[in-house]
Amino acid sequence: MAKKIWVVLQQRDGKLHRMSWEAVVAGQQLAALDGGEVTAVILGSGLEASAEELASTALAGVHLVDNEALATYAPGPFIGALAAAIEAEKPDLVIFPHTYQSVDFVPRLAQTVGAALVPEITGFESADGSLVFRRPIMAGKLEAQVRAKGEGTVVISVQSGAFSPDELQSGSAAVLPLAIDLPELSADREILGVEEVGGEQVDLSQSEVVVAVGRGIGGADNMGIIEELAGALGGEIGASRPVIDSGWLPRDRQIGSSGQTVAPKLYLAAGISGAIQHLVGMKGSKVIVAINKDASAPIFGIAQYGIVGDLHEIVPALTEAIREANTEEKED
Ligand SMILES: Cc1cc2nc3c(=O)[nH]c(=O)nc-3n(C[C@H](O)[C@H](O)[C@H](O)COP(=O)(O)OP(=O)(O)OC[C@H]3O[C@@H](n4cnc5c(N)ncnc54)[C@H](O)[C@@H]3O)c2cc1C
């Protein structure tokens, strides 16, 4: 019998979270590898717009768990609804995007339904007749291969950037009724309000060119050369986490596992070592250029073009050369 694969999607105000699409791709690829049917599951209230977004995606169907108690996320009602659905339908695999929200409730959900939990997977393969998941451990320094033991539902979450939405298979997806009796969904917390942090957040995922700066810049006072390079290239500025933690740039510029995931046409990394938590947020970029004074920096392992040297010399020289090229182009 075909495996029953559920992908539980995250949405807000009817708009699917970017990582929901990555989770769908993971589900489709798992189904292709291991055999199975992928059904999307969405929780909330008034979910027609989310279902509409999925209409042309290759899915066996879309289950909407539509209830007023699920309008604003809180772990209690989400676990109550999903546990009832999982216990009634017994999916083989339940996939979540690894978001702040899923981190908040999925471990407790897995424990409630007695499912094995494999969080933050970056890939999988079939070995000896069963699925083996890959996930980073020790802050990304090692990769573990994990197989769920025993029978029953397996719950996984998918790391940001590990699956590309470009690989989404299109088709059709009809809304399928989910014949379960929802239990009383009582809130275990009172949500006093939801506020967007920083009204004018930059959405780096929309940029075609990202000039990303790392700790190698040495301080906020040196940021001018990066701004000039980004200006010459018509790109946005991104950063590694230490730059943000040091307060040299605002948080919405962070790229990586705990920041934004980007896949621009050009990604230029200046003074960034290339830690796995940074790479997961940018490795889908079409062309990667790295500037680093250390020739053995891991960033060079994924860069198509590498410049070994001091960024304080190279970045201004590069800006100058780009400006000249831009001027020549205009004159032609
Ligand atoms: C749970 C968790 C989540 C994380 N999330 C993220 C995340 O979302 N994004 C992220 O980026 N990191 C994240 N990190 C941190 C990550 O592990 C690394 O510490 C971080 O990416 C390193 O940033 P960096 O490359 O700027 O700094 P470093 O690793 O210190 O590298 C600085 C680089 O600059 C080079 N350099 C120094 N001076 C110069 C110069 N003058 N010219 C040229 N090169 C120079 C050095 O050779 C070095 O390679 C996370 C870590 C954890 C544990």
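Of the numbered criteria (1) in contact with a Gly (Cβ under 9 Å, 6 or more places away or on another chain); (2) buried (at least 19 other Cβ atoms within 10 Å of the Cβ); (3) in contact (Cβ under 8 Å) with a residue 40 or more places away in the chain, the one A290 fails is (3). Of the listed requirements (1) at pLDDT 95 or above; (2) more than 26 Å from G129 (Cβ to Cβ), L16 misses just one: (1). Give the range 39-98 a look and list any residue that's in a loop (DSSP other than H, G, I, E, B) and surrounded by fewer than 17 Cβ atoms within 10 Å (Cβ to Cβ), or say none. Scanning the range 39-98 gives S45, G46, A55, S56, A58, N67, A71, T72, K90.
Let me confirm something: among L109, L185, which residue is surrounded by 13 or more Cβ atoms within 10 Å (Cβ to Cβ), farther than 30 Å from A275 by Cα and at pLDDT below 95?
Numbers: L109 fails: at pLDDT below 95.
The conditions single out L185.
Can you tell me which residue within the range 127-143, out of those that are in a strand (DSSP E or B) and surrounded by 12 or more Cβ atoms within 10 Å (Cβ to Cβ), is farthest from the ligand (Cβ to nearest atom)? Selected residue: L131. Taking the range 233-244 as the range and being more than 8 Å from the ligand (Cβ to nearest atom) and either in contact with a Leu (Cβ under 8 Å, 6 or more places away or on another chain) or not assigned by TED's automatic domain parsing to the domain that holds A270 (or both) as the test, the residues that pass are L233, G235, E236, I237, G238. If you go through the range 10-30 and keep only what is surrounded by fewer than 22 Cβ atoms within 10 Å (Cβ to Cβ), in contact with a strand residue (DSSP E or B) (Cβ under 7 Å, 6 or more places away or on another chain) and either in a strand (DSSP E or B) or among the hydrophobic types (A, V, I, L, M, F, W, C) (or both), you end up with Q11, L16.
Out of G306, G284, one residue alone is in a strand (DSSP E or B) and not assigned by TED's automatic domain parsing to the domain that holds T99. It is G306.
Table: residues versus (1) without any contact (Cβ under 8 Å) to a residue 60 or more places away in the chain; (2) buried (at least 19 other Cβ atoms within 10 Å of the Cβ); (3) more than 10 Å from the ligand (Cβ to nearest atom).
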{"position": "E228", "(1), (2), (3)": "no, no, yes"}
{"position": "S246", "(1), (2), (3)": "yes, no, no"}
{"position": "S257", "(1), (2), (3)": "no, yes, no"}
{"position": "G271", "(1), (2), (3)": "yes, yes, no"}
{"position": "P298", "(1), (2), (3)": "yes, no, no"}
{"position": "Y305", "(1), (2), (3)": "yes, no, yes"}
{"position": "V308", "(1), (2), (3)": "yes, no, no"}
{"position": "L318", "(1), (2), (3)": "no, yes, yes"}
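Do we find that L93 is in contact with a Leu (Cβ under 6 Å, 6 or more places away or on another chain) and at pLDDT 95 or above in this structure? Don't jump to the end; show me each part of the working.
Working: in contact with a Leu (Cβ under 6 Å, 6 or more places away or on another chain): no; at pLDDT 95 or above: yes.
In short, no.
Within the range 114-121, at least one residue is touching a Lys or Arg at 6+ places or on another chain (Cβ under 6 Å) and on the phi > 0 side of the Ramachandran plot. Taking the criterion of being modelled with pLDDT under 95, within 30 Å of T112 (Cβ to Cβ) and within 11 Å of the ligand (Cβ to nearest atom), would at least one residue in the range 165-178 satisfy it? Among the residues of the range 165-178, not one is modelled with pLDDT under 95, within 30 Å of T112 (Cβ to Cβ) and within 11 Å of the ligand (Cβ to nearest atom), which makes the answer no.
The values are calculated or read from the model by the stated rules, or taken from the named source; none is laboratory data. A quick note: this is a predicted structure, and the numbers were derived from the prediction, not measured. Counting neighbours? That spans all protein chains shown, and the Cβs are built from the backbone with ideal geometry, glycine included.
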